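To keep things clear, I will list the structure first and then write my remarks on it.
The values are calculated or read from the model by the stated rules, or taken from the named source; none is laboratory data. As the structure is a computational prediction, the values presented were derived from the model and not from experiment. Here the Cβ positions follow ideal geometry from the backbone for every residue, glycine too, while neighbour counts run over all protein chains shown.
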Amino acid sequence: MEMNWSRWFRCESSFSLLLVPDQAGVFALAEEVMQPSGPQARRLLAVFEVGEADDLVRSLSRLFSPASPWCERLAASRCYVRYAVVPDRQERGAAATSLKNWLNSQRDNAAQIFEQSDPRRRAMLPEEEKEEKRELKTEAEEAVDRVTSTRGPAKAAPAG
């Protein structure tokens with residue numbers, strides 16, 4: 001099945017979607033993982049979501065709502081979107097399923113490649129792996145630790 005895809009365009013806010021048609025179709029979200037650094041260099045995008053929609057503009061706009069699992073990611077990084085109008089429900093479903101299967105296979109391949117290329121991973125015992133996971137903290141966890149260590153425990157105030 002051949003689909004006529006739009007160009008990739010930056011997905012900064014719901015205002016970025018003004019030219020997206022209110023038609024049924026398939027879309028792909030990607031994050032810029034490497035910026036071009038030379039005259040012949042191209043940006044590298046990593047697709048992280050593929051979906052289908054009865055109304056592309058409405059579905060893509062929902063990605064920016066606080067309830068969306070992608071809201072924070074879209075706000076925090078350089079994300080791009082592209083779409084293809086596919087009015088037929090069966091073709092749209094088949095295309096989305098094929099693209100999702102491809103995306104999942106690529107994730108599995110990438111995971112295998114990165115696990116093989118990390119010499120620490122191959123040499124680690126299961127106990128060491130667990131210890132490493134415990135030591136890794138997110139920036140948010142570290143910030144909370146810093147704040148709570150300088151303030152000390154909070155005292156409860158009586159109600160009323």
Practice problem: Starting from residues that are among the polar types (S, T, N, Q) and loosely packed, with under 14 Cβ neighbours inside 10 Å, keep the ones in region 1-16 and report whichever is nearest to the chain's Cα centre (by Cα). | Solution: Ser13
Practice problem: Would you be able to say whether some residue in region 106-121 is under 28 Å from Val33 (Cβ atoms), at pLDDT 80 or above and either β-branched (Val, Ile, Thr) or out of contact with any Lys or Arg (no Cβ under 9 Å at 6 or more places or on another chain) (or both)? | Solution: yes
Exercise. Look at Gly93 and say whether it is crowded, with 16+ Cβ neighbours inside 10 Å and either within 28 Å of Asn109 (Cα to Cα) or of a type outside the set (D, E, K, R) (or both).
Key: no
Quiz prompt | Residue count for region 29-55, restricted to those that are of a type in the set (A, V, I, L, M) and under 17 Å from Glu12 (Cβ atoms) | solution = 3
Exercise. Sort out which residues of region 17-42 are surrounded by 14 or more Cβ atoms within 10 Å (Cβ to Cβ) and either free of Cβ contacts under 8 Å to residues at least 40 places away in the same chain or within 15 Å of the chain's Cα centre (by Cα) (or both), and write them in order of number.
Key: Phe27, Ala28, Leu29, Ala30, Glu31, Glu32
